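The structure under discussion appears below in the form of structure tokens.
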Amino acid sequence: MPTTPVPTSTTEPSPTASPTPTSPSPTSSPSATGSVPAALAGRIVTTLPTSQRLVALTFDGGASDAGVPAILRTLAETGTRATFFVTGDFAARYPDRVRAIAAAGHRVANHSATHPDFSTLTAAQIRDQLARAEAAVAPLTDRTTRPWFRFPYGASTPTAITTVNAAGYAAIGWTVDTLGWQGTTEGRSVASVVARVLDAARPGEIVLMHVGAHPEDGSTLDADALPSVIAELRAAGYRFVTLDAVLG
């Protein structure tokens, strides 16, 4: 069944619930243009396949870039690596930001070309979205966005997942959405962001955050909360990895 996107007041929308959790155990890497490992296919991955206290911090970029400098600064100061899902439109508007993310050693992944609801697209339209995003992002990072893709809004169908997999991408969801994208306008705070991440902490947690500012109140709650998120998880014995850890 498709996941219906939740309308929000932000230009960088996000769903309020995680896709159905899965725990794949991949052992091989996908080819640049071929299929993904069997253990990653046909599903949305929401946790890393590990019993160790590992966390993957992931950031979506589709609209504002306001939080990028602070996020990169915090990641550098704490020696933390993360994965960034950016749209082709974001890469076209902020090429220097995408270059900076890659230059800092972080993984840059595919978040579509224009952030549409994939549950409404044909297979041909999905392939076009993936290809256009890859064409916009890869020249800035000197590497392919494969094998990581995140559905805009978390909205998908079985056919959409199959089409994404056939293009060489694994569909990555999240264990917890911080909801920082809702901003102070919708009652969120730095404290609430930190609390949501810590309350959901578990081996293999995938954290969904955003790089932009709320369009109405200008808040960048995920960027502001990041130092505390990292410090609190480390105090609880967690280490940080990029999504490439999924491949073993």
(request) Select from the range 73-90 the residues that are surrounded by 21 or more Cβ atoms within 10 Å (Cβ to Cβ) and aliphatic (A, V, I, L, M) and write down the one among them that is farthest from VAL137 (Cα to Cα). (result) LEU75
(message) Given the criterion surrounded by fewer than 19 Cβ atoms within 10 Å (Cβ to Cβ) and touching a helix residue (DSSP H, G or I) at 6+ places or on another chain (Cβ under 7 Å), identify the matching residue among ARG107, ARG143, ARG93, ARG99.
(response) ARG99
(request) Pairs only if they're at least six apart or on different chains, beta carbon under 6 angstrom, first in the range 121-145 and more than 16 Å from VAL108 (Cβ to Cβ), second hydroxyl-bearing (Ser, Thr, Tyr) and not in a helix (DSSP H, G or I); list them, first residue then second. (result) GLN129/SER112
(request) Say whether the condition of being in contact (Cβ under 8 Å) with a residue 40 or more places away in the chain, among the small types (Gly, Ala, Ser), under 19 Å from VAL246 (Cβ atoms) and buried (at least 19 other Cβ atoms within 10 Å of the Cβ) is met by at least one residue in the range 58-66. (result) no
(request) Please find, within the range 198-248, the residue that is modelled with the lowest pLDDT out of those that are in contact with a Leu (Cβ under 7 Å, 6 or more places away or on another chain) and β-branched (Val, Ile, Thr). (result) VAL246
(request) Quickly run through the range 120-138 and pick out the residues that are of a type outside the set (A, V, I, L, M, F, W, C) and farther than 17 Å from VAL98 by Cα. (result) THR120, THR122, GLN125, ARG127, ASP128, GLN129
(request) Among what's in the range 171-182 and is among the β-branched types (Val, Ile, Thr) and out of contact with any Gly (no Cβ under 8 Å at 6 or more places or on another chain), pick the residue that is surrounded by the fewest Cβ atoms within 10 Å (Cβ to Cβ). (result) VAL176
(request) Quick one: which residue in ASP128, ASP117 is under 17 Å from the mean Cα position of the chain (by Cα) and of a type in the set (D, E, K, R)? (result) ASP117
(request) Among the residues of the range 183-211, write down those that are crowded, with 22+ Cβ neighbours inside 10 Å and not in a strand (DSSP E or B). (result) GLY183, ARG188, VAL193, VAL194, VAL197, GLY204, VAL211
(request) Look at THR163 and say whether it is of a type in the set (Val, Ile, Thr), in contact with a Gly (Cβ under 9 Å, 6 or more places away or on another chain) and either within 30 Å of LEU72 (Cβ to Cβ) or touching a residue at least 12 places away in the same chain (Cβ under 8 Å) (or both). (result) no
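The values are calculated or read from the model by the stated rules, or taken from the named source; none is laboratory data. Here the structure is a predicted model, which means the values were calculated and not measured. Cβ sites come from the backbone with ideal geometry, for glycine too, and all protein chains shown count toward neighbours.
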